[in-house]
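S.K.: Dumping the structure here so I can ask a few things about it.
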């Protein structure tokens, strides 16, 4: 009897150890998944990843070599593919210079540095807000799916991650998945550039719900020759733009004109106050 009890205790201990070892926790996967994204995309910058509360501020990544990942964003993930989506989106913002543009906007709006509107007059209307725009999110998403594909993660996970996040009243009124318009930009891009990835699918309820709304949109698009020709032209342009952004990032290790201008402006302001 004693031997039986000892054997049972041993089995329970082993089972608990195995379960503990196999428990999946999103924030514990960030470093491994992040390094996979960097390595497979030949990004040689010595970057590390840090999970933070609230909004992830990566405006100083070039200086610190740290990419902050929001714990809030990770709440909408359920596997490594979706963690990759979160990280790839943040990398997308950095690669597309959105973080440095936002830093410049905050400086100008917060300090009045651009008193003669020298910079803002040269920019489009999106420059006058300190927030990441919808267009910038879409650019980061497309860059993100490219990074995910190269790193052998399922890019459709980015669509799932986006639609898991809280949506707008408009989405509810139209009976659409959350953030449908944003997710559709990535879906259209994938349908054109990587149709095999779309065909392979993504096995979860959220994606099935999204697909039910997305397929009629794509069917309608493909039946209109004029709209389809315009769509194909737009997707080709996106492919070239995103490839160009990534190439620039790799060559300059993240340094760009926005960051250089920001450093110059802040240095100038500091010198004025001395």
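Bear in mind that the values in this text are calculations on the coordinates, not laboratory data. Note that this is a predicted model, so its numbers are computed, not measured. Don't worry about glycine lacking a Cβ; one is built from the backbone with ideal geometry, like all the others, and counts go over all protein chains shown.
S.K.: Taking neighbour counts of Cβ atoms within 10 Å as a proxy for exposure, in what order, fewest first, do 47, 91 appear?
M.R.: By the 10 Å Cβ count, ascending, the order reads 47, 91.
S.K.: In what sequence do 169, 39 fall when counting other Cβ within 10 Å, fewest first?
M.R.: Numbers: 169 7, 39 12.
Fewest-to-most ranking of 169, 39: 169, 39.
S.K.: Now for a different question. Run the numbers for residue 53 and residue 168: contour at 0.36 nm per residue of separation, minus the present Cα-Cα distance, in nm.
M.R.: Gain on extension, residue 53 to residue 168, equals 39.1 nm.
S.K.: Test of understanding: ordering 190, 228, 158, 173 by Cβ neighbours within 10 Å, fewest first, what list do you get?
M.R.: Details: 190 22, 228 12, 158 30, 173 8.
Ranking 190, 228, 158, 173 by Cβ neighbours within 10 Å, fewest first, gives 173, 228, 190, 158.
S.K.: Using 0.36 nm per residue of separation minus the Cα-Cα distance, give me the extension gain between residue 39 and residue 223 in nm, one decimal.
M.R.: Difference between extended and current length: 62.2 nm.
S.K.: Suppose R0 equals 35 Å. What FRET efficiency, 1/(1 + (r/R0)^6) with r the Cβ-Cβ distance, do residue 66 and residue 243 give to the nearest 0.05?
M.R.: Numbers: r = 26 Å, r/R0 = 0.74.
The formula returns an efficiency of 0.85 here.
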